[in-house]
Amino acid sequence: MKKAIFLLLPFAGLLWVPLYNRHDPVLFGFPFFYWYQFAWVPVTSALIWMAWKMDRQS
Amino acid sequence: MNTSIVPDNAAISVFVLCFVATIVLGSTVRLWRPLLNRRKAATRHTEGEEWGLGGREFGAWVTWFLVGGDFYTAYTVIAVPALVYSTGGFGFFALPYTIIVYPFIFAVMPRLWTIARDGGHATAADIVRARFGSRTLELAVALSGLVAVLPYIALQLIGIRTVIEALGFTGMLPLLIAFVSLAAYTWLGGLHAPALTAFIKDVMIYIAVLAAVILVPIHLGGYGAMFHSAAGHLPDVPDGHIVAQGQVVPYATLALSSAFAAFLYPHTLTGILAARSADTIRQNAVFLPAYTIVLGLIALLGLMAHAAGIVTTSSSQVVPQLFLAIFPSWFAGFCFAAIAVGALVPASVMAIGAANLIMHNILPHRSESVTGSRLAGFGVKVGALGCVIFLNARFAIDLQLLGGVIILQTFPALIMGLLPLRLPAPALVAGWVIGSVAGLGLCWIDGLKPVHPVAFAGFSASVSTGLLALGINIAVTLTLGAVIRLALGASPSTLRPGSIRR
């Protein structure tokens, strides 16, 4: 169950566009819209990695 | 092209050298590979297995390069920046697409790999035929794969053509060079050619992209200044938003439909099925997102082009023109070779995947002849050439999205078929027919535009055509499936055993 939540989180975070469709706050010159989506890349990798670990334990 | 810069001979020589060297290295792989690796030379597969699936022996690294390599293509380096250049933040939907695709792969593909390995299947159509015991469904899935890959290869040909045009060639010659190099490369090399040259290609693309994302902002006064200056060239979006209100739903639905479609294609599935184990795929789902960072940075080139003052009416020329404006000409030539090879490798894997479909699933008798596969692959490339010439898409990316509309119609049979839903084959076939006709019909009416406006219960928005057609497909499949089961009194003997087994 936890595994399914890990794998569904990126869908929720990225497909609900109004959540991040804005210019501010800016980080390193990147508007929020851009750095928020970039940030999801390592987060998604980590979530999949955790799901992978759980698979191997069971 | 309004501000086109004419490159000098240095650019052309470096381009020719790098491009030709890669083609020769890749297509002669069978001659020099045994010299490097004597152990592998001992294991012999049939020639067809070797040409088509690389012997199902690729480990984590090769799979990473192969899957990543045929996933990130001219789509990434030409089509996405072109869309970003023309529409701003909207073109960035490729980023969420290439993120959410990985949890999807992780959850679904190991299961599909296991089924394929156990049954000795090489294509999606093989898997579906064994599972539902339906030759019609096999044909449907194979046809979708074949037709969907044509516009996608067309996009790669456009990518190669674009850089050759940027080198100063005009008329039909660039397209001709693109086609001939692709045909020669695939004919000679088979799947081992792309798997190994994917490595060279990735290194070249990384060098080009790293140079671009570091040097261009320095040239333009930092990322902040770059974003600010680019915004001045794009339509104003009110309320501090980046994507206009009417584009929010298209943004999300295009990302979702692209993610669902991405690994249904024969070429991407080839990369998955050629993996050594199910765990190789899971492991890859963790590390493949590294490519997504690169994709996002490349997408930003579309904005950088505005900041650098590139003005062009042919949006595909955005990246080549930016490179010519910013880099010394020899390095621009190197980057162009990276783009061309980056289009060549996946186009070759696509042609092989489609050739496998023709040989295994579409022709009435299974054939293992390598010459046959090569001829089929050549036919596929001719079809793609036809798409370049006859389909008049506003953006190159529309071709990839058109492929998505077609391939998404195999989703119910291939992916929902993994669920214990007991879907009868006739229902799946009916869903496929109606979904495909609806999707292609809408694309035709909308002039290849990938979104279609819908209004429902006071809510109106443009939704990805592929997702709409898939929705229709699933609704028909489930409804008809329920009707068939009721009509047959749900007697277990009337359902194929394959559809019940999990």
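A compact table of results
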| quantity | calculated |
| --- | --- |
| Meets criteria (surrounded by fewer than 23 Cβ atoms within 10 Å (Cβ to Cβ) and more than 13 Å from the chain's Cα centre (by Cα)) for B:Thr312 | yes |
| Search result, residues across the range B:302-312 that are more than 13 Å from chain A (Cβ to nearest Cβ) and in a helix (DSSP H, G or I) | B:Ala305, B:His306 |
| Residue count, the range B:216-267 (criterion: acidic (Asp, Glu) and either in contact with a Leu (Cβ under 7 Å, 6 or more places away or on another chain) or within 11 Å of chain A (Cβ to nearest Cβ) (or both)) | 1 |
| Residue identified as away from chain A (no Cβ under 14 Å) and surrounded by fewer than 24 Cβ atoms within 10 Å (Cβ to Cβ) among B:Ser86, B:Ser144 | B:Ser86 |
| Some residue of the range B:326-342 being surrounded by fewer than 22 Cβ atoms within 10 Å (Cβ to Cβ), of a type outside the set (D, E, K, R) and under 19 Å from the mean Cα position of the chain (by Cα) | no |
| Residue identified as of a type in the set (Val, Ile, Thr), in contact (Cβ under 8 Å) with a residue 24 or more places away in the chain, in contact with a Gly (Cβ under 7 Å, 6 or more places away or on another chain) and more than 19 Å from B:Gly377 (Cβ to Cβ) among B:Val108, B:Val101, B:Val128 | B:Val128 |
| Set B:Val237, B:Val203, B:Val249: member being in contact (Cβ under 8 Å) with a residue 40 or more places away in the chain, more than 16 Å from the chain's Cα centre (by Cα) and assigned to a helix (DSSP H, G or I) | B:Val249 |
| Number of the condition not met by B:Ile242 [criteria: (1) surrounded by fewer than 21 Cβ atoms within 10 Å (Cβ to Cβ); (2) touching a Lys or Arg at 6+ places or on another chain (Cβ under 9 Å); (3) in contact (Cβ under 8 Å) with a residue 12 or more places away in the chain; (4) in a loop (DSSP other than H, G, I, E, B)] | (1) |
| Tally of residues being over 9 Å from the mean Cα position of the chain (by Cα) and either more than 7 Å from every other protein chain (Cβ to nearest Cβ) or of a type outside the set (A, V, I, L, M, F, W, C) (or both) across the range A:6-23 | 9 |
| Candidate set: the range B:282-294, residues that are surrounded by fewer than 24 Cβ atoms within 10 Å (Cβ to Cβ) and closer than 16 Å to B:Val213 by Cβ; chosen: the one nearest to the other protein chains (Cβ to nearest Cβ) | B:Ile293 |
| Matching residues, the range B:446-470, being out of contact with any strand residue (DSSP E or B) (no Cβ under 8 Å at 6 or more places or on another chain) and at pLDDT 80 or above | B:Gly466, B:Leu467, B:Ala469, B:Leu470 |
| Any hit, the range B:214-221, residues being touching a helix residue (DSSP H, G or I) at 6+ places or on another chain (Cβ under 9 Å) and either surrounded by 24 or more Cβ atoms within 10 Å (Cβ to Cβ) or not in a helix (DSSP H, G or I) (or both) | yes |
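Yes or no, residue by residue, for (1) in a helix (DSSP H, G or I); (2) over 26 Å from B:Val388 (Cα atoms):
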| site | (1), (2) |
| --- | --- |
| B:Gly333 | yes, no |
| B:Ile339 | yes, no |
| B:Gly342 | yes, no |
| B:Val345 | yes, no |
| B:Ser348 | yes, no |
| B:Ile352 | yes, no |
| B:Leu357 | yes, no |
| B:His360 | yes, yes |
| B:Pro364 | no, yes |
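Okay, residues lined up against (1) more than 9 Å from chain B (Cβ to nearest Cβ); (2) touching a Pro at 6+ places or on another chain (Cβ under 8 Å); (3) part of a helix (DSSP H, G or I); (4) over 19 Å from B:Arg282 (Cα atoms):
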residue	(1), (2), (3), (4)
A:Ala4	no, no, yes, no
A:Pro25	yes, no, no, yes
A:Tyr34	no, no, yes, yes
A:Gln37	no, yes, yes, yes
A:Trp40	no, yes, yes, no
A:Ala46	no, no, yes, no
A:Arg56	no, no, yes, no
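The values are calculated or read from the model by the stated rules, or taken from the named source; none is laboratory data. Treat the numbers as computed from the prediction; the structure is a model and nothing was measured. Virtual Cβ from ideal backbone geometry, glycine too; neighbours counted across all protein chains shown.
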